[in-house]
Amino acid sequence: MKLPLIVLLGLVLSGCASPLRPLFVSPGIETTPQLHLNATSFHWQLQDKRAKPAMLSIQKAEQTVSLQNKTDWRNTLQQQLRQHFIAAGARLDPAAQTTLQFNVLTLEAKAKQHPLDHEVHSEVVIEVAISSKAGHYRKRFHGNSSYTAPFKVDPASVERELSQLTERVLQDILSDIHWQQYLRRHA
């Protein structure tokens, strides 16, 4: 009876000591957004304006490990949004005087590793910024989530949580009528 318990304990401890791999956060837009951009002409950009490039920070006692994303999530997401804007009737013109910019201000998860479990707090903040001859428009969209799970931090769970949280914030942005109305009036 003691031998299987020792083997099980050895497996658990060896799993806790395995090295961390880079993240593969890749948010997308799964549903068709509620965009109404017919005949609007603007310059489009998705900017990464985060203070730190790390997407996951894991705190264990006095030590903090930070992990960056392996893939180019920004370029992939920018292309997806570009396709949705075009499908909604927008004309994307780099020379246009009106600029639509999505600024990613926060996209991170902070984890605290405890001896038997861990807790993860994720946050996504994206700002919609429109600049035109008439002036400027800014609006921030937030998303937060938290969970506690047994054993060590699982990067795959954090990736999934960050991707889903980013997708929810983007859905909120793309279904918001206020910035779309401002853009249609001033583009």
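Looking at this structure, is Val128 touching a residue at least 40 places away in the same chain (Cβ under 8 Å) and over 20 Å from Leu56 (Cα atoms)? Break it down stepwise before answering.
Numbers: touching a residue at least 40 places away in the same chain (Cβ under 8 Å): yes; over 20 Å from Leu56 (Cα atoms): yes.
Considered against the rule, which asks whether it is touching a residue at least 40 places away in the same chain (Cβ under 8 Å) and over 20 Å from Leu56 (Cα atoms), Val128 comes out as yes.
Name the single residue that is farthest from Phe102 (Cα to Cα) among those in region 139-160 being surrounded by 14 or more Cβ atoms within 10 Å (Cβ to Cβ) and among the polar types (S, T, N, Q).
So, considering only residues that are surrounded by 14 or more Cβ atoms within 10 Å (Cβ to Cβ) and among the polar types (S, T, N, Q), the one farthest from Phe102 (Cα to Cα) is Ser157.
Would you confirm, using the coordinates I've provided, whether Leu105 is among the aliphatic types (A, V, I, L, M), within 30 Å of Ala149 (Cα to Cα) and exposed (fewer than 13 other Cβ atoms within 10 Å of the Cβ)? Don't jump to the end; show me each part of the working.
Working: among the aliphatic types (A, V, I, L, M): yes; within 30 Å of Ala149 (Cα to Cα): yes; exposed (fewer than 13 other Cβ atoms within 10 Å of the Cβ): no.
Considered against the rule, which asks whether it is among the aliphatic types (A, V, I, L, M), within 30 Å of Ala149 (Cα to Cα) and exposed (fewer than 13 other Cβ atoms within 10 Å of the Cβ), Leu105 comes out as no.
Taking the stated definitions as given, is Thr64 in contact with a Leu (Cβ under 7 Å, 6 or more places away or on another chain), over 22 Å from Gly28 (Cβ atoms) and at pLDDT below 95?
Details: in contact with a Leu (Cβ under 7 Å, 6 or more places away or on another chain): no; over 22 Å from Gly28 (Cβ atoms): yes; at pLDDT below 95: yes.
No.
Restricting the search to region 41-71, which residues are out of contact with any Phe, Trp or Tyr (no Cβ under 9 Å at 6 or more places or on another chain), of a type outside the set (Lys, Arg) and either part of a loop (DSSP other than H, G, I, E, B) or on the phi > 0 side of the Ramachandran plot (or both)?
Within region 41-71, Ala51, Pro53, Ala61, Glu62 meet the criteria.
The values are calculated or read from the model by the stated rules, or taken from the named source; none is laboratory data. All values reported here derive from a predicted model rather than from experimental measurement. Note that we place each Cβ from the backbone using ideal geometry, even for glycine, and neighbour counts take in every protein chain shown.
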